[in-house]
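The structure appears right after this line, and notes come after that.
The values are calculated or read from the model by the stated rules, or taken from the named source; none is laboratory data. Note that the structure is predicted; figures quoted are calculated from it, not measured. As a convention, Cβ positions derive from the backbone with ideal geometry for all residues, glycine included, and neighbour counts pool all protein chains shown. For accessibility, only protein heavy atoms count, side chains too; no ligands or nucleic acids. Shrake-Rupley method; radii C 1.70, N 1.55, O 1.52, S 1.80 Å.
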Amino acid sequence: RTITINFSEPVFEIGITGYLECGNLTFISITPTDSLRKRYTTTLTEDLEPGKIYSLCISDKVVDHAGNMATNYEFTFGLPFPAERNDLIFNELLFNPFIDEPDFLEFYNLSEHPLDLSRLKLASIDTDKGDTSTVVNLYPSQMCLMPGSYIVVTTDPTTLVNRYPESDPERIFKVPSLPSMPDKEGHLLLLTDHLEFIDEAIYTDKMHFSLLAETEGISLEKIRPELPSNESSSWHSAAESV
């Protein structure tokens, strides 16, 4: 019965009446949990229901120290379920970026419930030696990805957004590292925190559209998210501008 709210700027005035609304749920407290007052924890009078999707609405009374209002006022969330096979899938891969620019991975939640990305891991397999790389976290802290939603992880979101200005910055998140993604071919694994298999993507540069003169900076994306990630026929070259 607790919800944590993170702001990008300090918020010095926020209460439970007239500031927050979440359907029929009743808040009994809201408390800052860091000295900068960017992170707050709210407490409810009753437990959240597993499998139910909630919407948290923040009023325009919530402003930062400079008086700026939030750019988003409504957020969906729910109690996350442990991910099972094919609940979360690889949906787009950039493994051959422009020089000094980052790789990225896009994922799609195919399940009918929220997933906590901090409980998932990534790894790659060396296609020559068969060795598995060091396992890294998909995301370093708790994040709730809703059903039917996308997320992109990369080591440098700013550069990625500058390169692809039609992308959605709200869906692109910074991570400390990604598994090895060679330019010619690769094999990526998505695992639970207990190293149980969720999805795998097998790619080569030959999967790009054959008439492309150059594939640097062009990603492979799924034709449809539900197609198998480990079959070349499931993928095609993304439009260069996006």
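Key figures for this structure:
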{"quantity": "Residue list for region 165-177, filter: over 29 Å from residue 133 (Cα atoms) and surrounded by 13 or more Cβ atoms within 10 Å (Cβ to Cβ)", "calculated": "167"}
{"quantity": "Qualifying strands (runs of 3 or more DSSP E) (wholly inside region 1-119; at least 2 residues being in contact (Cβ under 8 Å) with a residue 24 or more places away in the chain)", "calculated": "2-6, 39-44, 54-58, 74-77, 88-94, 104-109"}
{"quantity": "Residue selected from region 37-57 under the condition within 25 Å of the chain's Cα centre (by Cα) and open to solvent by 50 Å² or more (accessible area, probe 1.4 Å), by the criterion nearest to residue 71 (Cα to Cα)", "calculated": "38"}
{"quantity": "Only one of 242, 153 that is on the phi < 0 side of the Ramachandran plot, hydrophobic (A, V, I, L, M, F, W, C) and outside any loop (DSSP other than H, G, I, E, B)", "calculated": "153"}
{"quantity": "Pairs with Cβ under 9 Å, 6+ apart, first in region 216-236 and at positive phi, second assigned to a loop (DSSP other than H, G, I, E, B)", "calculated": "217/96; 217/97; 217/98; 217/101; 217/164; 217/240"}
{"quantity": "Subset of region 1-36 (residues that are among the small types (Gly, Ala, Ser) and either open to solvent by 40 Å² or more (accessible area, probe 1.4 Å) or under 21 Å from residue 142 (Cβ atoms) (or both))", "calculated": "8, 18, 23, 29, 35"}
{"quantity": "Residue within region 135-148 that is open to solvent by less than 70 Å² (accessible area, probe 1.4 Å), in a strand (DSSP E or B), closer than 29 Å to residue 56 by Cα and among the hydrophobic types (A, V, I, L, M, F, W, C) present", "calculated": "yes"}
{"quantity": "Failed criterion for residue 182 (all others in (1) open to solvent by 50 Å² or more (accessible area, probe 1.4 Å); (2) within 18 Å of the chain's Cα centre (by Cα); (3) not small (Gly, Ala, Ser) hold)", "calculated": "(2)"}
{"quantity": "Conditions (1) at positive phi; (2) touching a His at 6+ places or on another chain (Cβ under 6 Å): number failed by residue 86", "calculated": "(2)"}
{"quantity": "Region 202-239, subset surrounded by fewer than 12 Cβ atoms within 10 Å (Cβ to Cβ) and not in a loop (DSSP other than H, G, I, E, B), residue nearest to the chain's Cα centre (by Cα)", "calculated": "233"}
